[in-house]
Amino acid sequence: MTHSTEPAADPGEITRAYHTRTKHRLERYAASPETLDWDMQPNPFREFEGCVHITLPLAAAQLDTSFRHVYATDRVRPAALSMASVSILMELSLGLSAWKQYGPDRWALRCNPSSGNLHPTEAYVLSSRVPSLEDGLYHYLSRDHKLEQRCRHAGTSDIVGHGTPSARLWIGLSSIHWREAWKYGERAFRYCQLDIGHALGALRYAAAALGWTARIVDQIGCAELTALMGLDRAEDFSGVEAEEPDLLLAIDPDPLINHSDSESYVHRVFEPTAGQWAGRANLLDPHKLYRWPVIDQVSRATRGGPAREQLDPVSYPPLPQIGEARAASIILNRRSAQHFDNKFTMGADSFFHMLDCLLNRPIAPWDVWTYTPRIHPIFFIHRVEGLEAGLYALPRHPAVARVLRDALRPDFVWQTLENAPAHLPLIKLMPVDCRSIARTVSCHQAIARDSCFSLGMLAEFEDIVKSNPWRYRQLHWEAGLLGHVLYLEAEAAGLRGTGIGCYFDDVLHDLFGMKSERFQSLYHFTVGYPLTDERITTLPAYPSRSDHH
Ligand SMILES: Cc1cc2nc3c(=O)[nH]c(=O)nc-3n(C[C@H](O)[C@H](O)[C@H](O)COP(=O)(O)O)c2cc1C
């Protein structure tokens, strides 16, 4: 018997190697299929055959919480946990928002955005003592706005030491990497993680509109999470695309509830081996033409969870409460802009407010992110009233500003702005017309040039990923969450945003003078005044339902 002398690959090395090989370069895009046939797109909807289906009511449009109150949860009376309120939570986070039609093509849009509209994220509801909903695990099928009952659990009345158990709810998120890899090849794992960040943001905003709190359950291991969501049930997934668990979110209607017991509670309530399971997952793509083994590798290398990190909080003045629009209408009308009016200049107040919303305050949606901010946007500002066009930075934590300064070009000016709110850490780096370079950096996409501003999201990368490769996922989730705030804030300001996953990584790094992997850009974004394509028809999200909006 021979033994290999090769050292076992270190998960941190695998993860960093994956990141490097999936960079888009000016001379060569990351490996992906050479040809694409849209008729071969995998089914965008996972469903389970052979289980009980529960049709949820469509009630979100009637929710009258105003958007500004999602940032002031004490202004929203918490809705009681019920089938109707769970339904609103799902509809306003992961439900369909419209169908679109252009010629013979018809496609669904959802409240959560997704790279290429491919939607790799799946959601599971775990409910305990919610009136009219049996205790157990449900898969959410956005196409029909219904729950598929995957597992029935015994009642929770036998739980000792808790008095009468109150209604509780958790949402589990998983990814079907193939749905994204089918089109984007090796880079797809990154997009799946960004989409999880958006889904997390979408859930947090929807929960806030119901007056609820939400928290990531981060003391749960990958194996436990897989079992809890039933993703390890080989016979239910045999021959079909696997789902990779990502995170569990505890939702609570009672702001005073002690969240610290969520971890142990979820285990006591849901013992997967004791439940009654039903349902078989559908096959999404019967004709897979490619394989991308590095996705499975990086997925394995980044399993795990956080070593508890102490949040180093900074206190900011309360966010000004602007606007009267209803939260549901902002959320249901959120769309990605495909073209921008390249003459439009946005107001400075809207711009500063949007950036203010990116700071980590202990209110929605950032109260879900109980970690030190590790993502720091750098801006290409084109047309914002009272601001010189140029490159800017927003270090989201004071401790990072100095490190960032050492990592970026020595000729940057590092000026604070007189007209910006004093607490906003927005820094001018270089006045310059950066429209053309912004377009080049984002894979030559005109949306990065014609908007009012576009940005890259710099992550504190090398040390973090080395010390805990799971945090490669976590950094993308934070970037996705930032993107989600920008999407909804742009909508609230009468503008529109678009996430940008396609960018030339090192072109951006070189432009800003970065010579190491200390910081890496994980996501780009752009905001401006949208031009809409009138040829595309908009149809209702749930046309066959009599209760649709
Ligand atoms: C992670 C991510 C990356 C994206 N990258 C791009 C991009 O590079 N270019 C683009 O035009 N749109 C991009 N989008 C926008 C999606 O195409 C859009 O979200 C999707 O088509 C669904 O449309 P909707 O956002 O209007 O619901 C991205 C979205 C996300 C969430």
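Considered as a group, the residues in region 121-139 that are open to solvent by less than 10 Å² (accessible area, probe 1.4 Å) and either near the ligand (Cβ under 10 Å from one of its atoms) or of a type in the set (S, T, Y) (or both) include one that is nearest to Y265 (Cα to Cα), and that residue is S128.
Could you tell me whether any residue of region 476-496 is part of a loop (DSSP other than H, G, I, E, B), within 16 Å of the ligand (Cβ to nearest atom), within 14 Å of Y523 (Cβ to Cβ) and in contact (Cβ under 8 Å) with a residue 12 or more places away in the chain? No: region 476-496 contains no residue that is part of a loop (DSSP other than H, G, I, E, B), within 16 Å of the ligand (Cβ to nearest atom), within 14 Å of Y523 (Cβ to Cβ) and in contact (Cβ under 8 Å) with a residue 12 or more places away in the chain. Residues in region 63-101 that are away from the ligand (no atom under 13 Å from the Cβ), touching a Ser or Thr at 6+ places or on another chain (Cβ under 8 Å) and either of a type in the set (G, A, S) or open to solvent by 30 Å² or more (accessible area, probe 1.4 Å) (or both): T73, A79, S82, M83, Q101.
When you check R326 against the structure, is it within 16 Å of the ligand (Cβ to nearest atom) and of a type in the set (K, R), yes or no? No.
Listed conditions (1) within 16 Å of the ligand (Cβ to nearest atom); (2) in contact with a Lys or Arg (Cβ under 9 Å, 6 or more places away or on another chain) are all met by D105, apart from (2). Against the numbered list (1) at pLDDT 95 or above; (2) surrounded by 17 or more Cβ atoms within 10 Å (Cβ to Cβ); (3) not in a strand (DSSP E or B), D232 comes up short only at (2). Scanning region 162-193 for residues that are open to solvent by less than 10 Å² (accessible area, probe 1.4 Å) and aliphatic (A, V, I, L, M), we see that the one that is farthest from H119 (Cα to Cα) is L169. Total residues in region 443-454 satisfying the condition of being open to solvent by 10 Å² or more (accessible area, probe 1.4 Å) and either within 11 Å of the ligand (Cβ to nearest atom) or of a type outside the set (D, E) (or both): the figure is 6. Residue check: V269 meets all listed conditions (1) surrounded by fewer than 24 Cβ atoms within 10 Å (Cβ to Cβ); (2) over 27 Å from A154 (Cβ atoms) but one, namely (2).
Considered as a group, the residues in region 81-134 that are in a strand (DSSP E or B) and among the acidic types (D, E) include one that is modelled with the lowest pLDDT, and that residue is D105. Just one of (1) assigned to a loop (DSSP other than H, G, I, E, B); (2) touching a Phe, Trp or Tyr at 6+ places or on another chain (Cβ under 6 Å) fails for F45. It is (2). The set of residues in region 349-381 being touching a strand residue (DSSP E or B) at 6+ places or on another chain (Cβ under 6 Å) and more than 16 Å from the ligand (Cβ to nearest atom) consists of F351, V368, R374, H376, I378, F379, I381.
Take V527 and decide whether it is surrounded by 24 or more Cβ atoms within 10 Å (Cβ to Cβ) and among the β-branched types (V, I, T). For V527, the condition - surrounded by 24 or more Cβ atoms within 10 Å (Cβ to Cβ) and among the β-branched types (V, I, T) - is met.
Of all residues in region 28-62, those being farther than 25 Å from R291 by Cβ and open to solvent by 30 Å² or more (accessible area, probe 1.4 Å) number 9.
Among I437, I464, I536, which is touching a residue at least 40 places away in the same chain (Cβ under 8 Å), more than 19 Å from P377 (Cβ to Cβ) and β-branched (V, I, T)?
It is I536.
Give me the pairs, please: first residue somewhere in region 179-201 and among the acidic types (D, E), second residue anywhere and assigned to a helix (DSSP H, G or I) and within 11 Å of the ligand (Cβ to nearest atom), beta-carbon distance under 6 Å, and either six or more positions apart or on two chains. From residues that are among the acidic types (D, E), the pairs are E180/A188; E180/Y191; E180/C192. The single residue among M457, M430 that is open to solvent by 20 Å² or more (accessible area, probe 1.4 Å) and in a strand (DSSP E or B) turns out to be M430. Restricting attention to region 176-205 and to residues that are in contact with a strand residue (DSSP E or B) (Cβ under 9 Å, 6 or more places away or on another chain) and aliphatic (A, V, I, L, M), the residue that is nearest to the ligand (Cβ to nearest atom) turns out to be L194.
Would you pick out the residues in region 497-525 that are among the hydroxyl-bearing types (S, T, Y) and more than 14 Å from the ligand (Cβ to nearest atom)? Result: S516, single match.
The values are calculated or read from the model by the stated rules, or taken from the named source; none is laboratory data. Not measured: the values here are computed from a predicted model. Here Cβ is always computed from backbone atoms with ideal geometry, including for glycine, and neighbour counts include all displayed protein chains. Heavy atoms of the whole protein, side chains included, go into the accessibility calculation; ligands, DNA and RNA do not. Shrake-Rupley method; radii C 1.70, N 1.55, O 1.52, S 1.80 Å.
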